[in-house]
Structure formats: structure tokens, C-alpha cells
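Comments concern the structure below.
The values are calculated or read from the model by the stated rules, or taken from the named source; none is laboratory data. Keep in mind that what you see is a predicted model, and the values were worked out from it rather than measured. As a convention, Cβ positions derive from the backbone with ideal geometry for all residues, glycine included, and neighbour counts pool all protein chains shown.
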Amino acid sequence: MSCYVCDKHKSGDGLVASDGLVVVGHVLPDAPNTNGRVYLGHLVVEPRRHVGGLAGLTSDEAAALGRWAALAAKALDAEHVYSQIVGHQVDHLHMHLVPRYPGTPREYWWPRLDSWPDAPMGGQDEVTRLVDDIRARLDVDLLGR
Ligand SMILES: [Zn+2]
């Protein structure tokens with residue numbers, strides 16, 4: 001069985017951080033439903049194991065997903081971070097984290113962030129640079145290890 005998310009975990013593309021249970025990555029410009037450019041800072045928090053939805057998580061996976069979502073949101077350094085789970089395109093649980101940056105006009109707040117003509121959009125090079133920045137801001141001490 002082929003799965004876009006499982007394959008991405010193996011390749012490490014867009015990886016921000018991970019542990020044995022959860023992978024945090026940036027949405028990739030070649031992901032389903034993108035056209036080569038993505039909203040910069042749009043992260044996904046995913047269980048490493050192929051699970052279709054929240055109800056399929058173990059207690060440890062659920063705890064790890066919540067911790068990583070909070071850490072990643074903090075590292076995005078945004079005015080606000082939206083999160084949602086949809087799952088219409090890919091059958092592997094992925095929690096979207098989408099930052100709203102300061103100065104975003106009210107009429108473009110969720111769910112229209114990437115419709116703003118001045119929204120920070122980018123391709124693979126911009127994503128790679130941003131992932132490095134986010135990784136540097138991750139406070140792994142908050143993981144309690
Ligand atoms: Zn999968």
C-alpha cells in the first residue's frame with residue numbers, strides 16, 4: 001500500500017523534527033493539492049504510524065501529537081496558529097498548523113490566508129530555508145526529556 005505521508009517520512013523531505021511516534025514537517029510544494037508554491041510556515045504534525053484519524057491513536061501517540069503541535073506552534077513565531085484535521089486527500093492523519101503573521105488583513109484570516117496577494121508563499125528553496133529557521137527555534141526542552 002502506498003501512502004504519501006509514509007513515503008514522505010521515509011524520504012525526510014520537509015522534516016522539521018521527529019521522535020519515535022510523531023513527525024513534524026512543512027507542507028511540500030509537490031504535495032497533493034498544491035501547485036509548486038505553498039504558504040510558508042504551513043506545517044503538518046503526523047503520527048509516524050499509518051493511522052487514519054484521531055480515534056486510531058494510542059494514548060502515547062496522542063500525547064506526543066499534542067506536545068509536538070504545541071512546540072511547533074511556538075516555533076512558528078506567529079501572531080496566531082490555526083490547526084485543523086481534514087483528511088480528504090491523504091488517508092494518514094495529519095494535523096495542519098497554519099500561522100497567521102502580523103499584518104495579515106482581517107479579510108484574509110482563516111480560511112483565506114493564502115488568498116492574500118501579499119501572503120508569504122514559496123517553493124522548495126524558501127521552504128528549505130524556513131524549515132532551518134523553525135528547527136532552530138524549536139525548544140525541545142519543553143518535551144520534558
Ligand atoms: Zn501512511
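Exactly one of these conditions fails for residue 77: (1) on the phi > 0 side of the Ramachandran plot; (2) within 16 Å of the ligand (Cβ to nearest atom); (3) of a type outside the set (A, V, I, L, M); (4) surrounded by fewer than 16 Cβ atoms within 10 Å (Cβ to Cβ). Give me its number.
(2)
Quick check, is residue 87 modelled with pLDDT under 95, over 16 Å from residue 135 (Cβ atoms) and touching a Leu at 6+ places or on another chain (Cβ under 9 Å)?
Taking the combined requirement at face value, the residue satisfies it.
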